[in-house]
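Following: one structure in structure tokens, then a few remarks.
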Amino acid sequence: MFLRDQIPQVSRGTIQRLLTEGRIQVNGRAVKPTHHPCAGEIISIDWPEARPDRAAPEDLPLNILHEDDDLLVVNKAAGVVVHPAAGHAEHTLVNALLHHCAGKLSGIGGVARPGIVHRLDKETSGCLVVAKNDAAHLSLSAQFAGRTVEKIYRAIVCGQMPHAQGEINAAIARHPKQRKRMAVAPGNGRAAHTSYQVLQQLKDVAFVEMRLHSGRTHQIRVHLEHIGCPVLGDLVYGRRQNARVKQQTGYSAPRQLLHAAKLGFIHPRTGQTMAFEAELPVDFTVALDFFGVKNRH
């Protein structure tokens with residue numbers, strides 16, 4: 001790439017983004033990323049203003065299930081990114097937390113992830129615990145690492161589950177070719193364990209409850225794809241099966257229908273066992289109604 005050679009300190013991804021946004025022009029006109037410069041052309045770049053490393057507080061809505069001096073538990077809405085990252089510098093859960101907590105969050109996660117002990121995917125809804133101080137953060141992190149935190153999810157999945165209940169023990173690693181995906185990798189992956197129970201099996205989909213015994217990236221989504229029943233609406237790990245469900249039923253999911261329903265842990269200060277439950281969001285219950293799911297408990 002011509003520009004990559006001229007400004008090597010700028011990443012290829014940044015150049016692609018500037019081109020897509022029309023900030024790089026040739027002879028005063030925006031061009032496609034595939035454009036090849038010719039002799040005599042004038043290339044101009046409109047550099048965006050630098051963003052601060054620290055996330056800024058934003059007055060955004062929070063569904064708080066519990067709050068005390070050490071932590072808070074929120075019911076994260078689908079579509080909300082947990083912390084600022086490339087392409088999501090604003091309107092994240094961290095931005096909302098900084099406003100709500102007036103900056104009183106643990107610093108162990110760094111300036112971009114204050115208070116964040118664990119994460120949920122952007123399109124996954126449900127329970128998430130946040131640490132307000134470093135002592136709480138260390139205690140909660142140790143519980144997650146020690147696999148003593150109770151993490152129960154619910155999902156609508158494509159097709160027929162292989163059994164009414166079962167265990168999925170399949171190591172997970174980064175996909176060898178698609179770096180944004182994870183994949184089951186028996187030889188070189190990290191151990192991952194998910195147990196499941198079918199709450200109701202229907203012709204085209206199933207309503208399933210899952211317990212996470214480990215915490216790998218995209219674990220539930222990868223494991224469900226591995227057994228042939230990806231999450232309904234998950235077009236990263238189940239495009240073909242989702243297309244089949246849409247063709248057979250006429251239903252198209254608005255997002256991946258995965259919900260962190262229950263979260264349990266030991267309170268860092270009091271030693272008390274804490275348990276929280278987040279109600280299913282409206283888009284999830286609409287899907288259950290569409291398919292006629294009766295068993296919701």
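Bear in mind that the values in this text are calculations on the coordinates, not laboratory data. The model shown is predicted, which means the values in this text are computed figures rather than measured ones. Note: ideal-geometry Cβ built from the backbone for every residue, glycine included; neighbour counts use all protein chains shown.
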Task: Signed unit charges on C-beta, dipole axis of the chain, positive-most listed residue 125, 268, 101 - done: 125
Open item on the list: Just to be sure I understand, if you calculate Cα extents along the principal axes in Å for this structure, which of (i) 68, 41, 36; (ii) 62, 45, 38; (iii) 68, 50, 40 do you get?
Closed with: (iii)
Open item on the list: Report the Cα centroid-to-centroid distance between segment 218-290 and segment 84-156 in angstrom, as an integer.
Closed with: 19
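With +1 on each Lys and Arg Cβ and -1 on each Asp and Glu Cβ, and nothing else charged, work out how big the dipole of the chain is about its Cα centre, in Debye to the nearest 20. Write out the running numbers ahead of the final one.
Numbers: 36 positive and 26 negative charges, 229 e Å.
Computed charge dipole of the chain: roughly 1100 debye.
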- [ ] Please report 237, 251 as a ranked list, fewest other C-beta atoms within 10 angstrom at the top and most at the bottom.
- [x] 251, 237
Task: Excluding exposed DSSP-loop trypsin sites (Lys or Arg not before Pro) (at most 14 other C-beta within 10 Å), longest clean stretch of the chain - done: 204-268
TODO: Please build a GNM for the chain, connecting alpha carbons under 10 Å apart, and tell me which residue among 28, 159, 110 fluctuates the most.
DONE: 28
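Which entries of 76/132; 76/104; 132/262; 151/177 have Cα-Cα distances beyond 24 Å here?
On the way: 76/132 17 Å; 76/104 19 Å; 132/262 21 Å; 151/177 30 Å.
Table pairs above 24 Å Cα-Cα are 151/177.
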Task: Top of 25, 197, 241 by mean-square fluctuation, Gaussian network on the chain, Cα under 10 Å - done: 25
TODO: Using a 10 angstrom cutoff on alpha carbons, build the Gaussian network for the chain and name the most mobile of 33, 84, 230.
DONE: 33
